[in-house]
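Accompanying notes for the structure given below.
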Amino acid sequence: MGDYYTSLACVANIDLSLKSLYWKLPSYYVTLFYYLGFSYMMLKRYDDCIRTLSQMLIFLTKQRSYLVSQSYQQGAITKLTEKMYQLLIICHAITKIRLDESIIQTIKEQYSNRFYQLQSDNEDAFKDAFLKACPKFIDPACTIAKYGMDDSRSLDDHEDDIDITGNATNEPVQRQIDLFLIEVANQRKVDEICSFAKLYHNINMEKLAALMKLGDDMELVRSYILFVKQLTRQFVNNSTLGNPDALPSTGERDVDLYIENDVLHIKSRRNEKTYADYFTQQINKCKQTLRTLQSKREENLQEALR
């Protein structure tokens, strides 16, 4: 029905971190995580969507042999797994949030066509991906109200109600598609401004307007920047429960923007990788291994002398 907030509220008291329950009811938990992920995506909570779906997909990858033995559940689990990968690809294409390496590898091996299709601005590609990944929607209003009880026309007479998949258009589905495509278009505006912002540490508003081909309307440029700021903030659930009431958090964009005296200032959020701790840890492990080998060598020499 499209009431995603209520969907999250219904499962708010379920602890999603209990892995033991996955073994007892795998198909139930796969279904639960799929609907959770879809609800998060439609609520623009992409961090939560990616985290939730990644958690389940990594579990499915590691326990594939066990799930194959559950033959009566395998078909349903496989279909939902494919849909979850489609949702992850959509969220990654919209927000560029990093995915787990194992998931990225699986996507490039099995869903490479979809992955690269969504890197472009093709609206039809996003629409097709949404139709492949979305659940079935129901309309609380009776369909008779649309065509009338005496409507005896065949499906061919309703050719205007046929979607790109060849199925009769479901009005609730079309409504969700329209909302989804609006969000995709909005996120593309975020990418446009962020692409210019990455080139400068600060830039005059007039120059930015010229780059964006917006003329001399400074207020329009300012509204675009505030719009981007709003889109890069999203609610994030930091608990293991599916709580719909979560704290607002900034998105994982590489830059932060603020305006001062008609100058846009860009602050980088990207943290450079440091390898010193990693190498120090490995050196200590090597030293410990060397000491262990030397002690064993001395013990063997003492036993040989005896």
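The values are calculated or read from the model by the stated rules, or taken from the named source; none is laboratory data. Predicted model, so just to flag it, every value in this text is computed and none were measured. FYI the Cβ positions are ideal-geometry reconstructions off the backbone, even for glycines, and counts take in every protein chain you see.
The table that follows gives values for the structure above.
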read-out	value
Of all residues making up the range 18-34, the number that are among the aliphatic types (A, V, I, L, M) and modelled with pLDDT of 75 or more	2
Selection from the range 208-256 of residues that are in contact with a Lys or Arg (Cβ under 9 Å, 6 or more places away or on another chain) and at pLDDT 75 or above	TYR224, PHE227, VAL228
Unique match (being modelled with pLDDT under 85 and among the aliphatic types (A, V, I, L, M)) among ILE103, ILE164	ILE164
